[in-house]
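Readers should treat all values here as calculations from the given coordinates under stated rules, not as data from a laboratory. Because the structure is a prediction, the values reported are computed rather than measured. No Cβ is skipped: glycine too gets one built from the backbone with ideal geometry, and neighbour counts run over all protein chains shown.
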Amino acid sequence: MKENIQELAEHSMNGLFGERNESKDLLIRDAIFIRDKGCLTKVKYQNIIYLKGDGNYTTLVTREKSYSLRNILKEFEEMLPATRFLRIHKSFIVNLDEINTISPKEVTVNNQKVPVGRTYYQTLINGVQKLGSNGFD
């Protein structure tokens, strides 16, 4: 009987904490908080231009400034909404709203050229609306 109660208690606790983590009931849905100078700074998704991965570090570039963070790019790829951000290179994730031009080798975001990887190009080009025959397909 004691073992059954203990099992039931453990199962309930796992269920409570597991549900909370899985459902991701976030209080703020349009931004992330990053550690900057000992504080958590709110960065709205709309202000992020792109992210550049470099090993264990990622540079997050916003309209106001750049942040160097000790997180791998994959963590941001999993965290950021796929409807707004796309990985276009092994080292770059861009805000889709910031893309101005697309070519087979690079995109222009906020007047900065960002490389496009061969494996990511088709996903990018298939996800945008195109008019006319441009020869890039």
| Looking at segment 42-68, which of the residues that are in contact (Cβ under 8 Å) with a residue 24 or more places away in the chain and loosely packed, with under 15 Cβ neighbours inside 10 Å is farthest from Arg84 (Cα to Cα)? | Asp54
| Contacts under 7 angstrom Cβ, first residue in segment 93-119 being in contact (Cβ under 8 Å) with a residue 12 or more places away in the chain and on the phi < 0 side of the Ramachandran plot, partner part of a loop (DSSP other than H, G, I, E, B) and among the charged types (D, E, K, R), 6 or more apart | Asn95/Arg84; Leu96/Arg84; Asp97/Arg84; Pro115/Lys105; Val116/Lys105; Gly117/Lys90
